[in-house]
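Student: This is the structure I have questions about; it appears just below.
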Amino acid sequence: MNDRWAPAGAQRVGKPRDPSVAPGSNFGRLTVMEALRNESTGRLGWQCKCECGGSAIATVSDLKSGKVRSCGCLRREVVSAKNMTHGHTSIFRDESGKRSRVYEIWKSMIRRCHAPKDKCYFRYGARGISVCDRWRADFLNFLEDMGEPPLGMSLDRENNNGDYEPGNCRWATDDVQQNNTRANIVLDTPSGEMTIAQFARLHSLNYAATRDKVARGETLISGIEIKVLRFGCKSKRTAEQALLRRRIRKAA
């Protein structure tokens, strides 16, 4: 069977179905370079360059789902490590002998979703959040899909009501995670949807004063029209209580 790929060309590719996959996009160790088309099937794929210097051809669905994250080098590294010894805890340790950070992240993820006695279970497992079978079955699968966490980043779900699985997880900074919690108040602004903290930072406003105005139901802040799209869990009560405390202090 002819499995040759050739440049698709702008005329043949047409408008991209998914703008998140385009030349320059990054998925795992891969950087998207050029659109290709299979000369036999007509299927569209993307030529990607790997961090190790290798290359790979992958479809949009494979890239977005995390099925293809390298040219194959990541799988070889994981398999090589797995063949060295039995048991993950003895493989993934740092120089001090402690289990690696990524391994601890994996264990913690499973505990809070599937161990009712875990102190965080009520926020995850009790809400129906689970870890996908592939990751729960084998730490090496999780490592292959997610890679090592970059410095200063931790595991985050893009959809807070979704499961821990490829396509819904990312390594994110603390600021990104704080703005992605269920507790946040989400505003509709001329600049798009954002939390109070993001809105205040964007317009150089005092966070506490902005939060109080939202709690009072104001829809015009510093001349900018806003609308509350969602009060997160406990966020409305927290904002109202903070406003009440400020009023009591001023009256004292």
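Bear in mind that the values in this text are calculations on the coordinates, not laboratory data. Quick caveat, the model's predicted, so the values are computed rather than measured.
Student: Between Ser108 and Tyr207, what length in nm is gained on full extension when 0.36 nm per residue of separation is reduced by their alpha carbon distance?
Tutor: Working: separation 99, 0.36 × 99 = 35.64 nm, distance 3.23 nm.
Contour length minus the Cα-Cα distance gives 32.4 nm.
Student: I've got another one for you. Considering only C-alpha atoms, what is the centroid distance from the range 34-73 to the range 117-167, in Å?
Tutor: Taking the Cα centre of the range 117-167 as reference, the centre of the range 34-73 is 25 Å away.
Student: By how many nm would the segment from Arg245 to Asp188 lengthen if fully extended, with 0.36 nm per residue of separation less the alpha-carbon distance?
Tutor: Numbers: separation 57, 0.36 × 57 = 20.52 nm, distance 2.65 nm.
My answer for the length gained is 17.9 nm.
Student: Skipping prolines and chain starts, which residues have an amide H placed within reach, meaning under 5 Å, of the one on Met33, given they are 5 or more residues away or on another chain?
Tutor: Gly24, Gln47, Cys48, Lys49
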